[in-house]
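Okay, structure first, notes after.
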Amino acid sequence: MSRVLNVAAAQLGPIQKSETREAVITRMIRLMDLAKAKSADLIVYPELALTTFFPRWHHEDRAEADHWFEAAMPNPAVQPLFDLARHYKMGMSFGYAELTPEGRHFNTSVLVDKEGSIVGKYRKIHLPGHVEYDPQRTHQHLEKRYFEPGDLGFPVWRTMGGLIGMCICNDRRWPETYRVMGLQGVEMVVLGFNTPSVNSQRNEEAADRRMFHHKLSLAAGAYQNSTWVVAVAKAGDEDGHHLMGGTMIVNPDGEIVAMVDGEEDGVIVHPCDLDDTQFGKETIFDFKRHRRIEHYGPITGQVGVVEPE
Ligand code: CDV
């Protein structure tokens, strides 16, 4: 039986602070229509897809940021997207800011199957940035102020004929992210991101260098775990703050096979054969035969660098 999954990577252009959830959902629906016209089985949207990238805005009283969060998923604003996905029999994944009934805050993404049921939830683990306002930076990145680190690990779900996992933005730069999923046999990692075009602490590090690191991270994660990686950007100028694009699909050899040009709303659809993950998993990255866990202790045993005496 064919295990080709037609995957749509649905990039969103900028979302301004003033834009409503309903306006964004209208844009996401338009992308879903385009994906359907190209027979997509699964559509992937960016991190924090429903709003502007609000962690760049400092609120002294952090509760003032709560209006960016979703207290339920789905909710009335998002329901039309769930309804259309179910109607189209298309799986989907998107990111949003989650406020739990206990008052906890997470940078979250969901995986929805073709019947419209949420089959997976992931909460971002590697939160970049800082807690307090930092006048030294060219722009703020306050994810550590507004979110807790995720508490769900890096699960993989058996759905849509394959093994699919999620991570979010900065997670893609960490080899541990992919390897924990690789150890569950992951065949496709889907992720959204909001990456500013400049490094807030090193202005000369501009978009070309940022793009290089982005591609390097995706290629390494894909190749070293023999998995597809689908990475979807929010791009363009949000209220004077520029996000780089770089929406792309990377195959299990680490090669870019499809990419969205530009910084506007746009979708690419690529046929991802999940069986293409087999060769790497059975040869050079056959973990069972080749891993040497007796030497990997420091990876889970320590956080920072411990230099030799
Ligand atoms: N949203 C993010 O996690 N952004 C980070 C930036 C701050 C470096 C990223 O890894 O792209």
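Details
- Taking the criterion of being out of contact with any helix residue (DSSP H, G or I) (no Cβ under 8 Å at 6 or more places or on another chain) and away from the ligand (no atom under 16 Å from the Cβ), the residues of region 50-68 that qualify are Glu60, Asp61, Ala63, Glu64, Asp66, His67.
- Residue pairs meeting the criteria (Cβ under 9 Å; at least 6 apart or on separate chains; first touching a residue at least 24 places away in the same chain (Cβ under 8 Å) and open to solvent by less than 40 Å² (accessible area, probe 1.4 Å), in region 191-214; second among the basic types (Lys, Arg) and part of a loop (DSSP other than H, G, I, E, B)): Ser200/Arg137
- Of all residues in region 148-204, those that are within 10 Å of the ligand (Cβ to nearest atom) and aromatic (Phe, Trp, Tyr) total 2.
For every residue, the table says whether it meets (1) in contact with a Ser or Thr (Cβ under 6 Å, 6 or more places away or on another chain); (2) farther than 18 Å from Asn170 by Cα; (3) at pLDDT 95 or above; (4) in a strand (DSSP E or B).
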position	(1), (2), (3), (4)
Pro252	yes, yes, yes, no
Val257	no, yes, yes, yes
Cys272	no, yes, yes, yes
Phe279	no, yes, yes, no
Ile284	no, yes, yes, no
Glu294	no, yes, yes, no
Pro298	no, yes, yes, no
Val306	no, yes, yes, no
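- Verdict on Ser109 being surrounded by fewer than 20 Cβ atoms within 10 Å (Cβ to Cβ) and either under 27 Å from Asn75 (Cα atoms) or hydroxyl-bearing (Ser, Thr, Tyr) (or both): no
- Remark: Glu176 falls outside the filter, which requires a residue to be open to solvent by 20 Å² or more (accessible area, probe 1.4 Å), assigned to a loop (DSSP other than H, G, I, E, B), modelled with pLDDT of 95 or more and charged (D, E, K, R).
- Any hit, region 269-287, residues being over 25 Å from Val7 (Cβ atoms), open to solvent by 100 Å² or more (accessible area, probe 1.4 Å) and either free of Cβ contacts under 8 Å to residues at least 24 places away in the same chain or not acidic (Asp, Glu) (or both): no
- Asp171 meets the conditions (1) touching a residue at least 12 places away in the same chain (Cβ under 8 Å); (2) surrounded by fewer than 23 Cβ atoms within 10 Å (Cβ to Cβ) in every case but one. The failed one is (2).
- Residues in region 126-137 that are open to solvent by less than 50 Å² (accessible area, probe 1.4 Å) and not hydrophobic (A, V, I, L, M, F, W, C) were compared, and the one that is nearest to Ser200 (Cα to Cα) is Arg137.
- Sole exception among (1) within 16 Å of the ligand (Cβ to nearest atom); (2) closer than 21 Å to Ala233 by Cβ for Ala35, by number: (1)
- Looking only at region 26-55, and only at residues there that are open to solvent by less than 20 Å² (accessible area, probe 1.4 Å) and over 18 Å from the mean Cα position of the chain (by Cα), the one that is nearest to Asp265 (Cα to Cα): Ala35
- Among the residues of region 112-125, those that are open to solvent by 40 Å² or more (accessible area, probe 1.4 Å) and either farther than 16 Å from Leu152 by Cβ or in a loop (DSSP other than H, G, I, E, B) (or both) comprise Lys114, Glu115, Ser117, Ile125.
- Filtered residues of region 86-116 (kept if away from the ligand (no atom under 16 Å from the Cβ), farther than 17 Å from Val190 by Cα and not basic (Lys, Arg)): His87, Tyr88, Leu99, Thr100, Pro101, Glu102, Gly103, Glu115, Gly116
The values are calculated or read from the model by the stated rules, or taken from the named source; none is laboratory data. It should be emphasised that the depicted structure is a prediction, and the values quoted were computed from it without experimental measurement. All Cβ positions, glycine included, derive from the backbone under ideal geometry; neighbour counts span all protein chains shown. These accessible areas exclude ligands, DNA and RNA; they are computed on the full protein's heavy atoms, side chains included. Shrake-Rupley method; radii C 1.70, N 1.55, O 1.52, S 1.80 Å.
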